[in-house]
């Protein structure tokens with residue numbers, strides 16, 4: 001309870017008394033990042049490699065002996081792949097007009113906020129970088145494939161004084177987590193929504209049918 005009160009006090013201090021701010025954590029998602037395919041290892045390897053070797057991904061390390069392929073992928077639409085919870089905020093300007101904002105913490109957004117007693121307009125850009133590691137191992141008469149995805153969400157915030165258009169230094173926040181290890185702190189969390197993991201595994205499996 002003490003930590004919750006402290007966090008709320010810090011947010012109130014940062015946002016000012018004319019603002020309200022609530023950050024709801026994302027609903028849990030089961031990430032399905034492992035699949036058994038009833039095909040020989042060599043065939044599954046080729047299927048996985050061909051799936052990752054396209055215009056969407058960039059192949060990194062290829063280690064066929066140990067059954068490992070790594071690839072990278074980046075996007076400016078993080079919420080297609082991750083969820084960092086919904087923010088509901090409001091700001092009351094000098095004319096007593098309340099501006100309300102609702103957005104996912106992982107997405108680009110714009111809002112007004114109070115800082116040092118003055119109104120600032122915030123513009124947030126969001127970018128997601130991912131590293132996908134496919135581990136392909138023989139299992140009995142078939143092959144097991146595991147996809148581990150490392151996520152790095154970068155939120156870049158620029159604040160501009162509403163009255164005189166002066167800008168504050170750019171603020172950057174980088175949030176890192178993985179398929180099976182979500183990001184968590186006392187205020188919010190970020191999780192995979194299983195779009196990359198299940199999507200890739202289903203496509204790889206489909207190639208063998």
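Descriptive notes on the structure:
- With Cα atoms, 0 to 90° folded angle of helix 195-207 axis to the chain main axis: 20
- By the helix-only formula, in which each DSSP H run with n ≥ 4 contributes -39500 (n - 2.57) and the sum is divided by residues, the chain has a 222 nm mean residue ellipticity of -6000 deg cm²/dmol.
- Counting 0.36 nm for each residue step from residue 24 to residue 54 and taking away their Cα separation leaves a gain of 7.2 nm.
- Here the residues 92, 22, 47, ranked from fewest to most Cβ neighbours within 10 Å of their Cβ, fall in the order 22, 92, 47.
- Residues 83, 129, sorted so that the one with the fewest Cβ neighbours within 10 Å comes first: 129, 83
- Each of [x] 1.24; [y] 1.29; [z] 1.03 is a candidate for Cα Rg over 2.2 N^0.38 Å; the one calculated from this structure is [y].
- Residue 158 versus residue 73: modelled label distance in nm, points set 7 Å from Cα along the beta carbon direction: 2.9
We did not get these values from a lab; they are worked out from the coordinates using the rules stated. Quantities reported herein were computed from a predicted structural model and do not represent experimental measurements. Using ideal geometry, Cβ is built from the backbone for each residue, glycine included, and neighbour counts are taken over all protein chains shown.
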